[in-house]
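What follows is a single structure, written as structure tokens, with notes after it.
The values are calculated or read from the model by the stated rules, or taken from the named source; none is laboratory data. These numbers were taken from a predicted model, which means no experiment stands behind them. Positions of Cβ are generated from backbone atoms using ideal geometry, with glycine treated the same way; all protein chains shown enter the neighbour counts.
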């Protein structure tokens, strides 16, 4: 069975500080990987997707970046956090060519 | 562009009540339609999906039927339990076979079931 692990579970960071969030999937070879963001009480918005190692496509510009250093790992980062970055960050996977997403447990980010 | 409109805000029910959460969509062709459920502090979980007109999706007593004529995918359950309390999202994927993973989500409906 596939498992998806996100880290950390929660972060409290200062405005202007750097950020790195991670996601690892086990039990699935060459998955498509995705980052979604959810504002508190809001809907889900796609940020990035990656269909292979080393390739990441940006969907919206939010002063964030993403990388896929390994087949099973997806990293979300920024060098300088903004207040508007607060929210719930979700990593998801899908089988290539399929459109059903399976989400991780998420990381709660508070920027103060 | 694609859009999903679902019952706004909160639905408050008592145990054993009948549940309906409305979902209407706007998209070209035959999008795949989904219902996801999100419990506090967790990521959304797939309830079920449907890809063709008149196809019924179902799971855990919840069901919805793809209706292209009315562009709807309403979520129903005959008898809710307190454990069903969660946020429910209707979503669509407009491009079959694409790798972009772009789902268009509704704004979510909070279900609160009282014992």
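Descriptive notes on the structure:
- Screening the range A:91-112 for residues that are over 19 Å from residue A:27 (Cβ atoms) and at pLDDT 95 or above and picking the one that is surrounded by the fewest Cβ atoms within 10 Å (Cβ to Cβ) gives A:112.
- Conditions (1) within 14 Å of chain B (Cβ to nearest Cβ); (2) within 25 Å of residue B:106 (Cα to Cα): number failed by residue A:55: (2)
- Qualifying strands (runs of 3 or more DSSP E) (wholly inside the range B:18-71; at least 1 residues being closer than 17 Å to residue B:101 by Cα and modelled with pLDDT of 95 or more): B:32-38, B:45-50
- Residue A:62 meets the conditions (1) modelled with pLDDT under 95; (2) within 25 Å of residue A:1 (Cα to Cα); (3) away from chain B (no Cβ under 14 Å) in every case but one. The failed one is (2).
- Tally, over the range B:29-56, of residues that are farther than 25 Å from residue A:41 by Cβ and away from chain A (no Cβ under 11 Å): 8
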